[in-house]
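Down below is the structure, laid out as structure tokens.
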Amino acid sequence: MKYLLPAALILCLWQSVVWVTDVPAFILPPPAKVAVTLWGNRALLAEHAIVTLSEVMIGLLLGAILGMVTALGLAMAPRLDRWLKPVLVLSQSIPVFVLAPILTLWFGYGLWSKIMMALLIIYFPVTSAFHDALVATPPAWLRQAEVMGGTRWRVLWFLRVPAALPGLMSGLRLAAVYAPIGAIIGEWVGASRGLGYLMLLSNGRAKTGLMFAAVLVVAVMTILLHAVVNRLACKIENKSRGQAEPSL
Amino acid sequence: MKYLLPAALILCLWQSVVWVTDVPAFILPPPAKVAVTLWGNRALLAEHAIVTLSEVMIGLLLGAILGMVTALGLAMAPRLDRWLKPVLVLSQSIPVFVLAPILTLWFGYGLWSKIMMALLIIYFPVTSAFHDALVATPPAWLRQAEVMGGTRWRVLWFLRVPAALPGLMSGLRLAAVYAPIGAIIGEWVGASRGLGYLMLLSNGRAKTGLMFAAVLVVAVMTILLHAVVNRLACKIENKSRGQAEPSL
Amino acid sequence: MTARAPVPGLSFEGSVFADARTGARRLLGPLSLTVTAGRWTCLLGPSGVGKSTLLQAFTGLPDGLRMDGSAVLDTGAQPLGQVALMAQDAGLLPWLSALQNVWIGSRLRGERPDHARAKALLEQVGLGAQGAQNCTRLSGGQQQRLALARTLYEDRPVVLLDEPFSALDVATRLRVQDVARDLLSGRTVLHVTHDPAEAARIADDILILDHSGLTPVSVPQHSKQADDPKVQALTSDLTRLLLEAA
Amino acid sequence: MTARAPVPGLSFEGSVFADARTGARRLLGPLSLTVTAGRWTCLLGPSGVGKSTLLQAFTGLPDGLRMDGSAVLDTGAQPLGQVALMAQDAGLLPWLSALQNVWIGSRLRGERPDHARAKALLEQVGLGAQGAQNCTRLSGGQQQRLALARTLYEDRPVVLLDEPFSALDVATRLRVQDVARDLLSGRTVLHVTHDPAEAARIADDILILDHSGLTPVSVPQHSKQADDPKVQALTSDLTRLLLEAA
Amino acid sequence: ADQMSVVLDWFVNPDHGPIIVAQENGYFAEQGLEVEVIAPADPSDPPKLAAAGKADLAISYQPQLHLQVAEGLPLKRVGTLVATPLNCLLTLEDGPVQSIADLAGRKIGFSIAGVEEALLGAMLQPAGIGLDDVELVNVNWSLSPALMSGQVDAVIGAFRNFELNQMEIEGIAGRCLYPEEHGVPAYDELIYVANPDTMDADQIARFLAATEKATQYIVNHPDESWKIFAATSAELDDALNAMAWQDTLPRFALRPSALDEGRYARFETFLHDRGLVPTVRPVSDLAVTVAQ
Ligand SMILES: Nc1ncnc2c1ncn2[C@@H]1O[C@H](COP(=O)(O)OP(=O)(O)OP(=O)(O)O)[C@@H](O)[C@H]1O
Ligand SMILES: Nc1ncnc2c1ncn2[C@@H]1O[C@H](COP(=O)(O)OP(=O)(O)OP(=O)(O)O)[C@@H](O)[C@H]1O
Ligand SMILES: [Mg+2]
Ligand SMILES: [Mg+2]
């Protein structure tokens, strides 16, 4: 399909970097070596990938929902905005290892501490992009809605939200990209399963091949997720702008 | 000023979390303790903050420029888009500890490997948001520009770019938030100075007070940076939409 | 569509300035305008003289403009809630179909959309076949008629119309004028237009706004037919007055 | 502003369909239209009949529409590069001042903007005082005149005008019509309008487009004055034809 | 002077005493060396960078060396920095775990380094407990907080010279269960590694001579040497490092270039028995001595 060519490009790029810079295999192994490791460890990788994938999915879903709700809340209460925006911004400036002990203390070592971490990473771009778009509704539309006697919540729902969908989609595209790495970082908080754990383990055991195989699985996951979200986003954007879908 | 109240809110929140959840001080120290540590180590923190701040500034500047250039390139060459987008998306899914040795191998132990890491983090939201906006120029304007005989590059510069500025600003707002944490993560690549170094060191040595003092400095840096970029962004957005500046 | 009694009139008194802060650059006034309750008043005048601004004064001025004075119902109450506005720009919501754009007011107010009435209105303005179509895929005149249908759907006692028929051909214009005239009879209408024939045919009262202020034009009783000689005489009178006003 | 000889005419032949894929739902045609080189041709017809679509066929149809046939210069060449288009929507760039909107074409082509000519054009359409103002802060009629000035600035041998004067009052309309007529004399103009009086006064050739196709209307030699009896006769003829067409 | 780069295993801390003191007292200069000391954030990077020729010398851990050599990294131990294990199984002094046997059915935190499971397995074995009888949790960055807050009952991978002192500073008493006392062969915690193909043996020998002199100085003048160390950087001068300095002092290798071949052979066998390396390599594949 249409992903084969870019994938081939990436592999070529990777291989040529290996050739040109002569980087040793224990720092950046050549694609062929990683492919062999990938195939040899497919059961192991699949087992851990399932764990990570479920974290990604839950994190993305919750992050998107929470982000949308927050953006709506901020849009409805511009005063709240002033108070909450700094808290949100601040939440993004705290490194994972500072949060890790707090998260594990509150959420234990199960799935939830990882999901919380992933969520924190996904949540912000969704909130930020959606909120930016929500406060940018064309003033003429808002005036018209006011004249029509629209209630605040219904104006939000039937006017500002549909008008802001392209912005939300822009945020979701980012979120789709951040979700897998978010889950990986979540696994650093403390995990005994998942691709993030596997990467740390292979790194500790100097198994660069396995580490890169795990990275590759995450990369594929990210690209696929981005492609799926992108497809949905394009449709919704075109709808919001009243444009035809591209005829292909 | 107007930041005092949200700051007070955050401190209250923090203090009440400490009270309510009874979290031990070596996991989440109370604000007062952090404040004392902060004041006691102000010279040390200032010294390291300056290093981080310069990385943040360079990273933000380079990330923004590179992001804009990439978005422009992708907008000009929709075929390239297909090839490059997956590479970009992929670049976001690689954890820092996988990249760290590669970056140090190529860029050495100096400032540059850290800036490259920070850049990689800042770069993507700028590219993504700006590109989303660049491909959304109203078709009627593009048609008019075509009829006028506009050249591709000049249409980009005089029409698509100004029309996409709100999108770029949305991306820059995100970038401003990610720049400090980007520099901190950059310092994980290997550093002996900077707030990221100080945090990791304090963490490894269980000096939670100092670690949180450093987090606080980064948080303040992030909030200020976001406020500055936000201010600029609002002005540019209003200009792009032909709206008056809010009369305040 | 039945009007609820009593129908209020409109009253404007004051000036509008371009700079919200300093009040520099006067765009309109000082002038005082009253629109008699239950009557159709046409407002004519040179482009840029402030007609749209005057209409917006009753519903809310754009950002950056400031009003000194009052724009209220003749009962003294605020107009919001009593008026419907058809702005100069159609301002349709691009993600909705034509029909959905008609009943958007119901949606925003939290009422159940009146499908039957919305459809009937579309039919009356000649868009019966376009109801399900996306509103961005309508022609300029179709969009204008859609905006009119949306305004009529609001069923308000006071209606402000800003050049509502300017993008229509002669035949469609006459038909849609009659629809509006019919549905809005008994309501207070303030109608901005550049077409003297339209004003002459449709108006109960006519006002000309120019840089020196408001001038009322006397309107004789007539048949509301375009070929009524009284209408044609009034049209030429208006044309002459407008040429003089510029 | 001097026209470069030779000026080409326009020729359209074919149909336009709404669905780019299947070619379902015909919006226009099949019809064949020629616009004689160097003459001012007015196109009238009911709202939604496809006038704007016909104009756009020469410069590029909106996404989702498909043309079967050809829309070319009468030399057979593609029109792009030879035509200027004033679309039904002003389409001004909101971040630019009025003056900057006039010379945007120069900017897009990489020429040095001709300040003097742009200013003169603004002056001629009655916006001399608004040059430095942001274009979103102009009235509807002012925006329309700005769009016209931008089109005139392009200085092309073929000019397509889609309802260019619809938002103007009588006096301004006459003045601006004369400006356009004057500046475009000797060029090929295809002008869509709903105003029979306008067409009667300004046109060299008149075409009526309705659902059954194109009908040419014969235009007598006249003085181009609104009060010329020939113009008034033609106006009533056109009005009658349009009422019949609908 | 000859330029030389050394990548530490982590940020500068008392473990690196001999290197810092040698630098500060000019012992490197005496040997005609100009040493650049680089402190990374991730302990798994230095051996890679040394193997890649990006550094002349790197500090690593002996257990890691066995794994890295097995994975084909061109690396050999060329000197020793800390000649005993520092790793320990840390529990709370007054907690439920008083001996290895108490660990059955309990949660043990670890921070992935590669060999923790093997060490733990060996320590549990004499008590008749298998790895399946305990719950292993990767706590990554927060070893002692996880223990102190009671989220786990023990942690493996803690350094006896730091984590014990940390807990003491927090007012919580800890207990160290030493691996070498519970069935794990003794090993060198911190070693110098280099790429045998590209290394300059003479330079390294001079480097080790300078650190040897520094170690002797530290042993002879514990308090002065602490002051020298603490003066190098503001963030190093604190109570924890002062305590750690005293605890690390007796563990520095007094003969940094001397190689105990038996240690490497025993540990290689140990790792092979635990299934972490596929074959038992000769010591010459793992370690060399460099002589001036
Ligand atoms: N993008 C589009 N997709 C599908 N149908 C369209 C699109 N644009 C216009 N139409 C339809 O094509 C027909 C012709 O539209 P067009 O804009 O050419 O009419 P017009 O003659 O210019 O009318 P008006 O006088 O109202 O401007 C209309 O019925 C309209 O609904
Ligand atoms: N937002 C604004 N800020 C500043 N000036 C404005 C703004 N909107 C309109 N103006 C100016 O106010 C004056 C009146 O504008 P208005 O739109 O009311 O004119 P109008 O009578 O409706 O004209 P038209 O017939 O062309 O629609 C114009 O000169 C215009 O330039
Ligand atoms: Mg107006
Ligand atoms: Mg049209």
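Here are the numbers for the structure shown:
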quantity	calculated
Minimum Cβ-to-axis distance in chain D for the rotation onto chain C, with residue, whole Å	D:166, 2
Taking chain B and dividing mean pair separation by its residue count, relative contact order in percent (alpha carbons under 8 Å, at least six apart)	28
Dipole of chain D [Lys/Arg +1, Asp/Glu -1 at C-beta], most positive-end residue of D:161, D:84, D:9	D:84
Dipole moment magnitude, nearest 20 debye, chain D about Cα centre, only Lys, Arg, Asp, Glu C-beta charged	580
Protection proxy ranking, peptides D:198-205, E:44-51, average beta carbon neighbours within 10 Å, highest first	E:44-51, D:198-205
The range B:88-129 versus the range C:175-246: alpha-carbon centroid distance in Å	70
Cα→Cβ-extended label distance, 7 Å offset, between residue B:47 and residue E:233, nm	1.0
Calculated FRET value between residue E:34 and residue B:106, using beta carbons and R₀ = 25 Å, to 0.05	0.55
Value of Rg/Rh across chain E [Cα atoms, Kirkwood radius]	0.97
Disulfide-incompatible cysteines by the Cβ rule (no partner under 4.7 Å) in the protein assembly as shown	A:12, A:234, B:12, B:234, C:42, C:135, D:42, D:135
Chain B: DSSP helices with Cα axial extent of at least 24 Å and average Kyte-Doolittle hydropathy no lower than 1.6	B:4-21, B:42-76
Those residues of the range E:37-52 whose amide nitrogen sits under 14 Å from the label point placed on residue E:197, 7 Å along Cα→Cβ	E:50-52
Exercise: per-residue mean of other protein chain Cβ atoms within 10 Å, A:73-85	1
Computed over chain E: relative contact order in percent, which uses C-alpha pairs under 8 Å that are six or more apart	28
Accessible-area value, residue B:229, 1.4 Å probe, nucleic acids and ligands omitted, Å²	20
Sequence-distant aspartates and glutamates (8 or more away, or on other chains) whose Cα lies within less than 17 Å of residue A:33	A:22, E:71
Accessible area of the range E:205-280 divided out per residue, in Å², using a probe of 1.4 angstrom	46
Square roots of 5 times each gyration tensor eigenvalue, C-alpha, the protein assembly as shown, largest first, Å	77, 31, 26
Assigned charges on the beta-carbon of Lys, Arg, Asp, Glu; chain B dipole about Cα centre (debye)	380
Carbon and sulfur %, accessible surface of chain B computed with the full protein complex present, 1.4 Å	72
Per-selection Rg to Rh, chain A - Cα, Kirkwood hydrodynamic radius	1.06
Span from the the range E:263-292 Cα centroid across to the the range B:169-209 one, whole angstrom	38
For residue A:44, inter-copy label distances in nm, listed shortest first [label point 7 Å out on the Cα-Cβ vector]	4.1
For residues of D:104-115, the mean tally of beta carbons on other chains within 10 Å	5
Protein heavy-atom accessible area occluded, D/B pair - total, 1.4 Å probe, Å²	1900
Coil-residue GluC sites (Glu not before Pro) of the range E:33-120, DSSP, other Cβ within 10 Å capped at 16	E:93
Gap separating the Cα centres of the range E:13-92 and the range D:125-146, nearest whole Å	74
Extreme residue, positive dipole direction of the protein assembly as shown, given options E:250, B:16, E:145 (C-beta unit charges)	B:16
Prolate/oblate/rounded label for the range B:101-248 (Cα gyration tensor, a/c 1.5)	oblate
Prolate/oblate/rounded call for the range A:1-47, Cα gyration tensor, a/c under 1.5 rounded	oblate
Residue among D:191, D:171, D:100 farthest towards the positive dipole end of chain D, charges placed on Cβ	D:100
Per-residue HN-Hα couplings for the range C:67-82 [Karplus 6.51, -1.76, 1.60; θ = phi - 60°; Hz; x = Gly/Pro]	9, 10, x, 9, 10, 9, 6, 6, 7, x, 6, 5, x, 4, x, 9
For residue B:107, inter-copy label distances in nm, listed shortest first [label point 7 Å out on the Cα-Cβ vector]	3.0
Accessible surface, the range B:156-197, averaged per residue in Å² (probe 1.4 Å)	19
Peptide-level mean, for D:76-88, of C-beta atoms on other protein chains within 10 Å	3
Calculated FRET value between residue A:234 and residue B:54, using beta carbons and R₀ = 41 Å, to 0.05	0.55
Anisotropy class of the range C:99-139 from Cα gyration tensor, a/c 1.5 cut	oblate
Cβ-Cβ FRET estimate between residue B:11 and residue B:151, R0 fixed at 60 Å, reported to 0.05	0.60
Rg over Rh [alpha-carbon atoms, Kirkwood Rh] for chain C	0.96
Inter-copy spacing of residue A:15 label points, which lie 7 Å from Cα along Cα→Cβ, given in nm from shortest upward	6.4
Within chain E, helix-based [θ] at 222 nm, where runs of 4 or more DSSP H residues each add -39,500 (n - 2.57), nearest 500	-10000 deg cm²/dmol
Dipole magnitude (debye, nearest 20) for the protein assembly as shown, charges at Cβ of Lys, Arg, Asp, Glu	3700
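The values are calculated or read from the model by the stated rules, or taken from the named source; none is laboratory data. Values in this document were obtained by computation on a predicted structure and should not be read as measured data. FYI the Cβ positions are ideal-geometry reconstructions off the backbone, even for glycines, and counts take in every protein chain you see. Surface areas here come from the heavy atoms of the whole protein model, side chains and all, with no ligands, DNA or RNA. Shrake-Rupley method; radii C 1.70, N 1.55, O 1.52, S 1.80 Å.
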